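A.B. asks: Quick one: this structure, given as structure tokens, is what I'll be asking you about.
The values are calculated or read from the model by the stated rules, or taken from the named source; none is laboratory data. Computed from a predicted model, the values in this text were never measured in an experiment. Here the Cβ positions follow ideal geometry from the backbone for every residue, glycine too, while neighbour counts run over all protein chains shown.
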């Protein structure tokens, strides 16, 4: 596909990318077993899993075989009379030694695989993964690309008023995109509580711990979409922070990076013009739903005292507090759970969401905040 | 217990009590208050057992709330916030309110009777240990009605979710954990003092029943790790209320320290919940195989080995937190090593069955169910020990399946087996065989229908503790929910069985209720009078010891 | 077995058991400092020292290059920004290097913040020696103020061969107000 196509797609490139890679998507899970996955490591892990599984099956067959044979053969109802033995040193040594040998046989390949999993050296791309309640943030450290990845499943599907899609709860608005055949090193940390980044097809699961940084790596061979979820209980949205990794060819990856930059440029251009109230409200509602509604609630009523109400009271209806409102959204509020969005959302999104908060739910202040105002606030700092 | 009570009043006036504390009974109050102030090991044992049964149904109801929500994908009945409270409370109540008190109840009833002691060594402390529990769980349950709801951070309460981000009720949760912990510690001290000092003359340690042995080792585990739990919740309390930063990275603390401390308690805790079960099965299998337990000494050593190893494996619960390679390998190897003594136990039980004369009364059915399904849980435990594979299993339903296999058809089945086994001794009447068999078979079907599909949903990628899930997990979850309801409602049969036995309907039991049974408890009448072994019974190790040649 | 004999035995056992219990309580309390010491020695968890260390002796190994990657992020509750001026620097083991970080307070009140370091791979943590670091104490910035602060460090020459990249992450958290008064102006 031509470069032109990508550029034209701009910010809306994600759905298109989805269409192209889904054709080559590989589903390695049978639905009831661990997926063999799409990396050398994941296939080794799968092999290890199946080996141990069959060893366990063999042990179970022998143990249960003897047990059920005894239960059937030595029934009292069939006239069995009990023998009198109650110890046998040779047998006891044997059934201590044999399991030891089996365990050593299991430990050898496990150790070898684990060493490989811990070797993060010579990575091609470093991505900082940050867990938030309840979304993932990805920062491509060498490329100055940074974005949030949010659950894309609509609320209507979750609450049953709309049919559930194929990727219910495992689809995101913006996936992590990686090139095939390159070693991706992930650095993991968290903003609030402990999260855990898990994609079964990559055999990667690593905790993201606030204040600490962890690392892991993967290298995908085949283009495709690989889905996962947060694996560590992180609060009420734990089920709603999925992971989507899109592996594309290195050429497509370069195009994607460009498209991200173009999208950023388009956003920046958007920040320069005057936005209408309708435009701001539309963009603002979308941004609010994704980033604000989890705490301040879809109806703006909040969960006081932790998450103050925005509807009908507080900062969003105080005409004198507009500047404070902007600052808090941009930089967070010290001493509270309010995060800073200035680095992760565009000026247009921030302007739109503030406009939305000041006009939705009957607040109707009529105030419009233009992206340019936010832009100039950011630049003056 | 009605028959027990009426009998007690007769017995009390006539019996001489070995210890001053017991004299309390003869002038004590009657009716309900008598149960409140009782210092008798059998009455306290009954209180513990009834309390744990009540908690089993409370915790079980919460499990059914969870299974109802998970019956289908989507959020239908409850909100994620409440779902998290249910999973947390279910875990806490089952671990600290159902399984542990049930074993303490069995210990109270049976340890003095198996070692020929008149009562527990510290009867008044015994009463106090019990009554701490209803207070502890009253507080814990009341948090559900507090502002912000009850604990919602999982029974493992990882910081900072349980500190900085916890609901306001968390201080009450901590208080209830403290009370339950004190209760366990006092109970353990009492059991150790009883076993070391009140054995009938001539009974050496290696002459004790395996139930007594496993409980002795369990009591030491309790003494060793309950202070760690108390310490960890105290640190949480300070982080929440006094501005310390033990677990808060922002203040220079470390959330991973919480996990190390919690699992240093938590892994021995797992064995606290299973060692007495090993003891019970080691009594029941020989009884109904009519053959002495194979390898008594190796059973004792294996139990001790498991207990010691349990202090060296804690980090296998935290393979994904980013432990250095050397650490991961150490904990992988030490965890795998536990399979050896555990295997020895299973092989010993099977060798006991081999060439026995086996009958299948209800206690035996539950014990056999235990062996099969505990082994399944043990084998999935070996799989979980393999670190690279654990990266895929960790925090999924595969883990949920694993620990439910060792705790439900494991620990709970052993408790049920014990209840059926000793019910003739407690009530004077056999439990109904017909109802008991219904109870057993419906439980077996229910438990496997609930937990076996969880292996598959976990391997296919379903994380634990989620109120809603992707569509590919729907079939397995529906099966699990159906199984959960079947299992849950089957337990009502047990209540019926128990009421029938207490009311005295059914077959009357002899002193020696089971033909193949060994042990001093079978030398006293059924039902056991309120006071037994006021004078120590004769015991000849040469003919009565389970370790005799 | 006489009753008095048994009672004396019970008392003895209870006292011994209580001693074990007290020992375990003490052990639990000791675990907290022990854990920190253990982490510092082994680098478990990627913790680094929180006070200035002396330069590790040994030759500068010119033949070897180590990539030091500096990552920063600001935690919730602090309207500050933290930025490493050079996100990646290449150093030789044994050499003493400096990296500059820019702190800026974007809020409208004076506030204090503390940068919490973490290193990965954790095996490298004990070999990352800091001579001077803003992370040893918290900073206080006035509204709108920007401050550039140095990190002076050395990668010890005995860094394990397989480590080619060391990532040092700083998470910036709100400081403790009381402590600020005591330490305020450390860099003025």
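A.B. asks: Condition test on residue A:28, is it farther than 26 Å from residue A:111 by Cβ, modelled with pLDDT under 95 and either surrounded by fewer than 19 Cβ atoms within 10 Å (Cβ to Cβ) or in contact with a strand residue (DSSP E or B) (Cβ under 6 Å, 6 or more places away or on another chain) (or both)?
C.D. replies: Working: farther than 26 Å from residue A:111 by Cβ: no; modelled with pLDDT under 95: yes; either surrounded by fewer than 19 Cβ atoms within 10 Å (Cβ to Cβ) or in contact with a strand residue (DSSP E or B) (Cβ under 6 Å, 6 or more places away or on another chain) (or both): yes.
No.
A.B. asks: Moving on. Does residue B:54 satisfy being away from chain A (no Cβ under 14 Å), assigned to a helix (DSSP H, G or I), more than 18 Å from residue B:145 (Cα to Cα) and out of contact with any helix residue (DSSP H, G or I) (no Cβ under 8 Å at 6 or more places or on another chain)?
C.D. replies: On the way: away from chain A (no Cβ under 14 Å): yes; assigned to a helix (DSSP H, G or I): yes; more than 18 Å from residue B:145 (Cα to Cα): yes; out of contact with any helix residue (DSSP H, G or I) (no Cβ under 8 Å at 6 or more places or on another chain): yes.
Here the answer is yes, as residue B:54 does meet what is asked.
A.B. asks: Here is a follow-up. Of all helices (runs of 4 or more DSSP H) completely enclosed by segment B:379-450, which ones contain at least 1 residues that are within 14 Å of chain A (Cβ to nearest Cβ) and in contact with a helix residue (DSSP H, G or I) (Cβ under 8 Å, 6 or more places away or on another chain)?
C.D. replies: The helices (runs of 4 or more DSSP H) meeting that bar are B:387-393, B:397-406.
A.B. asks: Hey, could you check segment B:451-476 for residues that are surrounded by fewer than 21 Cβ atoms within 10 Å (Cβ to Cβ) and more than 8 Å from every other protein chain (Cβ to nearest Cβ) and say which is nearest to residue B:486 (Cα to Cα)?
C.D. replies: Once the filter is applied, the top-ranked residue is B:452.
A.B. asks: A further question follows. What about residue C:24, is it within 30 Å of residue B:536 (Cα to Cα) and either at the interface with chain B (Cβ under 8 Å from one of its Cβ atoms) or modelled with pLDDT under 85 (or both)? Break it down stepwise before answering.
C.D. replies: Working: within 30 Å of residue B:536 (Cα to Cα): no; either at the interface with chain B (Cβ under 8 Å from one of its Cβ atoms) or modelled with pLDDT under 85 (or both): yes.
The answer is no for residue C:24.
A.B. asks: Of everything in segment A:119-158 that's within 14 Å of chain B (Cβ to nearest Cβ) and in a loop (DSSP other than H, G, I, E, B), which residue is farthest from residue C:122 (Cα to Cα)? Walk me through it before giving the result.
C.D. replies: Looking only at segment A:119-158, we keep the residues that are within 14 Å of chain B (Cβ to nearest Cβ), and these are A:119-121, A:129-134, A:151-158.
Next cut, in a loop (DSSP other than H, G, I, E, B) only: A:119-121, A:133-134, A:152-154.
Details: A:119: 12, A:120: 12, A:121: 13, A:133: 26, A:134: 27, A:152: 35, A:153: 37, A:154: 40 Å.
The qualifying residue farthest from residue C:122 (Cα to Cα) is A:154.
A.B. asks: Against the conditions (1) in a helix (DSSP H, G or I); (2) surrounded by fewer than 17 Cβ atoms within 10 Å (Cβ to Cβ), where does residue A:305 fall short? Just the number, please.
C.D. replies: So the condition that residue A:305 fails would be (1).
A.B. asks: Related question: When the residues of segment B:353-377 are narrowed to those that are at the interface with another protein chain (Cβ under 10 Å from one of its Cβ atoms), under 28 Å from residue B:316 (Cβ atoms) and touching a helix residue (DSSP H, G or I) at 6+ places or on another chain (Cβ under 6 Å), which ends up surrounded by the most Cβ atoms within 10 Å (Cβ to Cβ)?
C.D. replies: B:375
A.B. asks: Quick check: anything in segment A:341-350 in a loop (DSSP other than H, G, I, E, B), away from chain C (no Cβ under 14 Å), out of contact with any strand residue (DSSP E or B) (no Cβ under 9 Å at 6 or more places or on another chain) and within 22 Å of residue A:377 (Cβ to Cβ)? Break it down into steps so the answer makes sense when it comes.
C.D. replies: Of all residues in segment A:341-350, those in a loop (DSSP other than H, G, I, E, B) come to A:341-346.
Next cut, away from chain C (no Cβ under 14 Å) only: A:345-346.
Going one step further and asking which of them are out of contact with any strand residue (DSSP E or B) (no Cβ under 9 Å at 6 or more places or on another chain), we end up with A:346.
Filter again for within 22 Å of residue A:377 (Cβ to Cβ), leaving A:346.
Yes.
A.B. asks: Of the residues B:289, B:315, B:339, B:307, which is surrounded by fewer than 24 Cβ atoms within 10 Å (Cβ to Cβ), at negative phi and within 11 Å of chain A (Cβ to nearest Cβ)? Step through it out loud before you land on a result.
C.D. replies: Values: B:289 fails: surrounded by fewer than 24 Cβ atoms within 10 Å (Cβ to Cβ); B:315 fails: within 11 Å of chain A (Cβ to nearest Cβ); B:307 fails: within 11 Å of chain A (Cβ to nearest Cβ).
Step by step, each of B:289, B:315, B:339, B:307 is checked, and only B:339 is surrounded by fewer than 24 Cβ atoms within 10 Å (Cβ to Cβ), at negative phi and within 11 Å of chain A (Cβ to nearest Cβ).
A.B. asks: Here is a list of conditions, (1) at the interface with chain B (Cβ under 9 Å from one of its Cβ atoms); (2) modelled with pLDDT under 95; (3) out of contact with any strand residue (DSSP E or B) (no Cβ under 9 Å at 6 or more places or on another chain); (4) farther than 30 Å from residue B:548 by Cβ, and residue A:161 meets all of them except one; can you say which number that is?
C.D. replies: So the condition that residue A:161 fails would be (1).
A.B. asks: Kindly evaluate residue B:322 against the criterion of being in contact with a strand residue (DSSP E or B) (Cβ under 7 Å, 6 or more places away or on another chain) and within 8 Å of chain A (Cβ to nearest Cβ).
C.D. replies: Working: in contact with a strand residue (DSSP E or B) (Cβ under 7 Å, 6 or more places away or on another chain): yes; within 8 Å of chain A (Cβ to nearest Cβ): yes.
Here the answer is yes, as residue B:322 does meet what is asked.
A.B. asks: Going through A:190, A:208, A:203 one at a time, which residue ends up being surrounded by 24 or more Cβ atoms within 10 Å (Cβ to Cβ) and over 20 Å from residue B:164 (Cα atoms)? Before the answer, list the steps.
C.D. replies: Numbers: A:190 fails: over 20 Å from residue B:164 (Cα atoms); A:208 fails: over 20 Å from residue B:164 (Cα atoms).
It is A:203.
A.B. asks: Moving on to the next point. Of (1) without any contact (Cβ under 8 Å) to a residue 60 or more places away in the chain; (2) closer than 30 Å to residue A:118 by Cβ, residue B:230 satisfies all except one. Which?
C.D. replies: That leaves (2) as the condition not met.
So that you can scan it fast, the table gives a plain yes or no per residue for (1) in contact with a strand residue (DSSP E or B) (Cβ under 8 Å, 6 or more places away or on another chain); (2) crowded, with 24+ Cβ neighbours inside 10 Å; (3) farther than 23 Å from residue B:303 by Cα:
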{"residue": "B:201", "(1), (2), (3)": "no, no, yes"}
{"residue": "B:207", "(1), (2), (3)": "no, no, no"}
{"residue": "B:220", "(1), (2), (3)": "no, no, no"}
{"residue": "B:225", "(1), (2), (3)": "no, yes, no"}
{"residue": "B:251", "(1), (2), (3)": "yes, no, yes"}
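A.B. asks: Identify, from the list B:241, B:248, the residue that is more than 14 Å from chain A (Cβ to nearest Cβ), modelled with pLDDT under 95, touching a helix residue (DSSP H, G or I) at 6+ places or on another chain (Cβ under 7 Å) and farther than 23 Å from residue B:286 by Cβ. Full working, then the answer.
C.D. replies: On the way: B:248 fails: more than 14 Å from chain A (Cβ to nearest Cβ).
Result: B:241 is the single residue among B:241, B:248 that is more than 14 Å from chain A (Cβ to nearest Cβ), modelled with pLDDT under 95, touching a helix residue (DSSP H, G or I) at 6+ places or on another chain (Cβ under 7 Å) and farther than 23 Å from residue B:286 by Cβ.
A.B. asks: Go through segment B:325-336 and give me each residue that's within 8 Å of chain A (Cβ to nearest Cβ) and in contact (Cβ under 8 Å) with a residue 24 or more places away in the chain. Write out each step before concluding.
C.D. replies: So the first thing to find is which residues in segment B:325-336 are within 8 Å of chain A (Cβ to nearest Cβ), and the list is B:325, B:328-329, B:332-333, B:336.
Result: B:328, B:329, B:332, B:336.
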